[in-house]
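Peer 1: Take a look at this one; I'll ask things after.
The values are calculated or read from the model by the stated rules, or taken from the named source; none is laboratory data. Because the structure is a prediction, the values reported are computed rather than measured. Virtual Cβ from ideal backbone geometry, glycine too; neighbours counted across all protein chains shown. What goes into the accessible areas is simple: the full protein's heavy atoms, side chains included, and nothing from ligands, DNA or RNA. Shrake-Rupley method; radii C 1.70, N 1.55, O 1.52, S 1.80 Å.
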Amino acid sequence: MKKLALAVALAVALPLTAQQELPVYLNEQKPLEERVEDALKRMTLREKINIIHAQSKFSAPGVPRLGIPELWCTDGPMGVRPEVMWDEWEQAKWTNDSCTAFPSLTCLAATWNPEMGQLYGKSIGAEARFRNKSVLLGPGVNIYRTPLCGRNFEYMGEDPYLASRMVVPYVQGVQSNGVSVCVKHFALNNNEINRHTSNPIVDDRTLYEIYLPAFKAAAVEGKAWSFMGGYNLFRGEHASYNPILMNQILKGEWKWDGAVISDWGAVHDTKTAVSGGLDMEFGSWTDGLSEGASNAYDNYWLATPYLKGIQDGTYSEDELNDKVRRVLRLTFRTAMDRNRPWGAMVSDAHKQACKTIGEEGVVLLRNEGSLLPIDLNKVKKIAVIGENAIKMMTVGGGSSSLKVKYEVTPLQGLKARIGNQAEIVYARGYVGDPTGEYNGVKTGQDLNDPRSAEELTAEAVEVAKHADIVLFFGGLNKSDHQDCEGTDRLTMDLPYNQNALIETLAAANPNLVVINISGTGVAMPWVNKVPSILQAWYLGNETGNTLASILMGDANPSGKLPYTYYASLEQCGAHKLGAYPGTKGVGALGEEVWDMPYNEGVFVGYRFTDKNKLKPTFPFGHGLSYTTFEYGKPTANSKTMNADGTLTVKVTVKNTGNRTGKEIVQLYIADKKASVARPVKELKGFQKITLAPGEEKEVSFTICKQALSFFDEAKHDWVAEPGKFEAIIAASATDIKGVVPFTLE
Ligand code: GLC
């Protein structure tokens, strides 16, 4: 209504002649495609070439002569990156670009709450809007195929259905600000090791069932206006201009009309970039280019070399016109939408969003006894131990690194929350990474500590011994090999000898809580010696307030794991079957290539541990609450899936504890007999419900045929084979509450 009202107002305001005089491409009353065609026919060849490649680190030139604005991009998926120099990665040292740092996307996935996706997207999009950016380079929805991937913290876990449900509202939220998302890294960028030369070898069924669904949901349901191609190859061709991924699937099968943007430096030649479905080239380091050279951008593969190729007849203008149409569409949807809201930066609403999402995403993995929530009637002395209790984490991790006005560390948050109600004593415990700087942004903290590990341990034990409860904040820290772009983890083990320290602390005081701050799973050999364990993510500005709120019980944890917490790499298909990091080979152009056959196929995450009857430390979908829930027996409205292809399964859930809580009810589907090897079960539904003490609610799932289907390579389509199925209601991948058999006729 608002847009219509405004359009009418404009129409009334503008005298008819003036409105008629507006060229079509500038007239917002005209249909988008008419505006695109009108702009296209007014552009010179040189202008068409200019608009499809960068003019600076993060901008493309638009068409100044026609008043078509520049297109400004910015990282990242968890907050708006601080401004860099025109042509450098280094800081521009602006003073107006401190942002809200929202929780990592794995935390968002761990909320299992699409409303949090919407809140997240709307909030971060408003900050990008306020900074006058048209494209936010996120979200990332690559799959958590291995716990070692350095960027798992930027993605939404191991399950395609969960990632699909969580990415759509994020996309819609961002784009409601007139800012485009740039869904990345399409596709199969599931590791950082050899990220420019990895060549995943994946069969179609695995591709369509595991690695495409979240991207497809973002493109088709979310209506994302731009995608980012990955660095890696796929079946021998670079992903950023891969004819299969970009032309056949994204723009063909999914009928997507957006613009494909390369990853920064992902373009390596002109010919395939022209024909492989790439629409905008950014960040290239092409031959004969010295980074930062003033004429760098003319040498881009889609710049002068492409222009020359058109002029000498090597290329027709057809591909160029399609690229230009997509860039114009992106521009009209963003920079040229005069009705866009104005956004906001570090508002109270955004700070609250950061905390709300964090509180919904923290996962209570274990809570034996009654350590949590902390009861200040009983607890008078709290030992806080670990570097991650004091280390700022909004800086670091690669391109998603941010500059913030403030960050509340866990220790600060606890002190603010507890005040003088109890004594808090801090001990460092270990020294991990005392630095705090990325691309010129510094935390300002000096975490240097000259003491030896022995001294640090001795101090920690001393502090722990005399406390009523010990809170150990450990985990990773977004430095190299510790959840950081460009590097994978080298092992699943906690770094800096934390395992030994945790064992020592457990011996010193059994009332130990481990708060693991990381974006990926870690090995927990001490899991049975630690009564309470929290999986806390990188939680942004409000880290300390969020964790204090959970630890003190102001918020009741309700997150569940978006990935399997393997006990070791042996439980992960990619490693067990020798499919990581692949084998070094030679590519078509004689370059180094790491062939990486995805031997595990569709058996990723719980699909692998189910099949091989493995017991992970904690299963996919696991998360506890400070209250308890009881499930009734699930029932179905029929024993067969009826003609119109739906079946309804219902289950009641009751809060049997003494405080309000949220439960995530999960629906898995099991195909009892198929012509292909299928996982034991697959997530096909979930609902997060809030229950007051004693309250009972009925949850209903309507299952459609798609939920029963697998991707048939021969038919190149989804197939649901008649036969026996089971609808499985569960609280996690191993906590099965009930099974309802049914038949597909
Ligand atoms: C980086 C990342 C990508 C980021 C881009 C711009 O290398 O792979 O996620 O958006 O370059 O910084």
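Peer 1: If you check every pair at least six apart or on different chains, which have Cβ atoms under 9 Å apart with a residue in the range 188-205 that is under 17 Å from residue 590 (Cα atoms) first and a residue that is among the basic types (Lys, Arg) and open to solvent by 10 Å² or more (accessible area, probe 1.4 Å) second?
Peer 2: 194/584; 197/584; 199/235
Peer 1: Take the range 87-124 and flag every residue that is in a loop (DSSP other than H, G, I, E, B) and in contact with a Cys (Cβ under 9 Å, 6 or more places away or on another chain).
Peer 2: 100, 101, 102, 103
Peer 1: Of all residues in the range 107-133, how many are touching a His at 6+ places or on another chain (Cβ under 8 Å) and either more than 15 Å from residue 344 (Cβ to Cβ) or open to solvent by 20 Å² or more (accessible area, probe 1.4 Å) (or both)?
Peer 2: 0
Residues are listed down the side, and each one gets a yes or a no for (1) crowded, with 22+ Cβ neighbours inside 10 Å; (2) in contact with a Phe, Trp or Tyr (Cβ under 7 Å, 6 or more places away or on another chain); (3) part of a loop (DSSP other than H, G, I, E, B):
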position	(1), (2), (3)
321	no, no, no
324	yes, no, no
328	yes, no, no
332	no, no, no
341	no, no, yes
349	no, no, no
352	no, no, no
375	no, no, yes
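Peer 1: Would you kindly identify the helices (runs of 4 or more DSSP H) lying entirely within the range 540-636 that contain at least 2 residues that are at pLDDT 95 or above and closer than 30 Å to residue 659 by Cα?
Peer 2: Counting at least 2 such residues, we get 543-551.
Peer 1: Kindly establish whether residue 385 is β-branched (Val, Ile, Thr), open to solvent by less than 10 Å² (accessible area, probe 1.4 Å) and modelled with pLDDT of 95 or more.
Peer 2: Criteria met by residue 385.
Peer 1: Separate question: Just give me the residues in the range 187-233 being within 15 Å of the ligand (Cβ to nearest atom), part of a loop (DSSP other than H, G, I, E, B) and either open to solvent by 20 Å² or more (accessible area, probe 1.4 Å) or in contact with a His (Cβ under 7 Å, 6 or more places away or on another chain) (or both), in sequence order.
Peer 2: Within the range 187-233, 193, 194, 195, 196, 197, 230, 231 qualify.
Peer 1: Same structure, new question: Working carefully through the options 512, 501, 490, find the one that is surrounded by fewer than 20 Cβ atoms within 10 Å (Cβ to Cβ), under 25 Å from residue 452 (Cα atoms) and in contact (Cβ under 8 Å) with a residue 40 or more places away in the chain.
Peer 2: From the options 512, 501, 490, the qualifying one is 490.
Peer 1: Please specify each residue of the range 53-84 satisfying the condition of being polar (S, T, N, Q) and out of contact with any helix residue (DSSP H, G or I) (no Cβ under 9 Å at 6 or more places or on another chain).
Peer 2: Across the range 53-84, the qualifying residue is only 59.
Peer 1: Could you give every pair whose Cβ atoms fall below 9 Å, whose first residue belongs to the range 18-29 and is over 15 Å from residue 337 (Cα atoms), and whose second residue is open to solvent by 50 Å² or more (accessible area, probe 1.4 Å) and at pLDDT below 90, counting only separations of at least 6 or pairs across chains?
Peer 2: 19/10; 22/14
Peer 1: Right, next: Assuming residue 480 fulfils every condition listed in (1) out of contact with any strand residue (DSSP E or B) (no Cβ under 7 Å at 6 or more places or on another chain); (2) over 28 Å from residue 381 (Cβ atoms) apart from one, which condition is it?
Peer 2: (1)
Peer 1: Checking residue 41 against (1) out of contact with any Gly (no Cβ under 8 Å at 6 or more places or on another chain); (2) within 15 Å of the ligand (Cβ to nearest atom), which test does it fail?
Peer 2: All conditions pass for residue 41, except number (2).
Peer 1: Further, regarding this structure: If a residue has to be within 16 Å of the ligand (Cβ to nearest atom) and crowded, with 23+ Cβ neighbours inside 10 Å to count, how many in the range 471-487 make the cut?
Peer 2: The total comes to 3.
Peer 1: Here are 56, 98: which of them is among the hydroxyl-bearing types (Ser, Thr, Tyr), under 35 Å from the mean Cα position of the chain (by Cα), within 30 Å of residue 407 (Cβ to Cβ) and within 16 Å of the ligand (Cβ to nearest atom)?
Peer 2: Going through 56, 98 in turn, the sole match is 56.
Peer 1: Please state which of the following conditions residue 417 fails to meet, knowing it meets all the rest: (1) open to solvent by 30 Å² or more (accessible area, probe 1.4 Å); (2) within 16 Å of the ligand (Cβ to nearest atom).
Peer 2: Condition (2) is where residue 417 drops out.
Peer 1: Select from the range 53-98 the residues that are open to solvent by 10 Å² or more (accessible area, probe 1.4 Å), aliphatic (A, V, I, L, M) and closer than 20 Å to residue 280 by Cβ and list them in ascending order.
Peer 2: Those that are open to solvent by 10 Å² or more (accessible area, probe 1.4 Å), aliphatic (A, V, I, L, M) and closer than 20 Å to residue 280 by Cβ: 66, 84.
Peer 1: Oh, and also: Tell me which residues, restricted to the range 717-730, are assigned to a strand (DSSP E or B), closer than 14 Å to residue 670 by Cα and aliphatic (A, V, I, L, M).
Peer 2: Correct list: 727, 728, 729, 730.
Peer 1: Against the definition (touching a strand residue (DSSP E or B) at 6+ places or on another chain (Cβ under 9 Å), not in a loop (DSSP other than H, G, I, E, B) and not aromatic (Phe, Trp, Tyr)), how does residue 133 come out, yes or no?
Peer 2: no
Results for (1) under 30 Å from residue 337 (Cα atoms); (2) acidic (Asp, Glu); (3) within 16 Å of the ligand (Cβ to nearest atom); (4) crowded, with 24+ Cβ neighbours inside 10 Å, shown as yes or no for each residue.
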residue	(1), (2), (3), (4)
105	yes, no, yes, yes
151	no, no, yes, yes
160	no, no, no, yes
168	yes, no, no, no
172	yes, no, no, no
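Peer 1: Can you tell me which residues in the range 369-393 are in contact with a helix residue (DSSP H, G or I) (Cβ under 6 Å, 6 or more places away or on another chain) and of a type in the set (Val, Ile, Thr)?
Peer 2: Residues satisfying the conditions are 374, 384, 385, 390.
Peer 1: I would also like to ask the following. Evaluate the following for residue 733: is it under 26 Å from the mean Cα position of the chain (by Cα), assigned to a loop (DSSP other than H, G, I, E, B) and within 23 Å of residue 605 (Cα to Cα)?
Peer 2: yes
Peer 1: Can you work out which of the residues in the range 439-456 that are in contact with a strand residue (DSSP E or B) (Cβ under 9 Å, 6 or more places away or on another chain) and polar (S, T, N, Q) is farthest from the ligand (Cβ to nearest atom)?
Peer 2: 443
Peer 1: If you go through the range 259-278 one residue at a time, how many are away from the ligand (no atom under 16 Å from the Cβ) and open to solvent by less than 20 Å² (accessible area, probe 1.4 Å)?
Peer 2: Number of matching residues: 5.
Peer 1: Here is a follow-up. Looking at (1) of a type in the set (Lys, Arg); (2) in a helix (DSSP H, G or I); (3) more than 17 Å from residue 304 (Cα to Cα); (4) open to solvent by 40 Å² or more (accessible area, probe 1.4 Å), which is the only condition residue 35 fails?
Peer 2: (4)
Peer 1: For residue 220, indicate whether it is free of Cβ contacts under 8 Å to residues at least 40 places away in the same chain and more than 23 Å from residue 264 (Cβ to Cβ).
Peer 2: Taking the combined requirement at face value, the residue satisfies it.
Peer 1: Considering only residues that are part of a loop (DSSP other than H, G, I, E, B) and open to solvent by less than 40 Å² (accessible area, probe 1.4 Å), which ones fall in the range 688-716?
Peer 2: 692, 709, listed by residue number.
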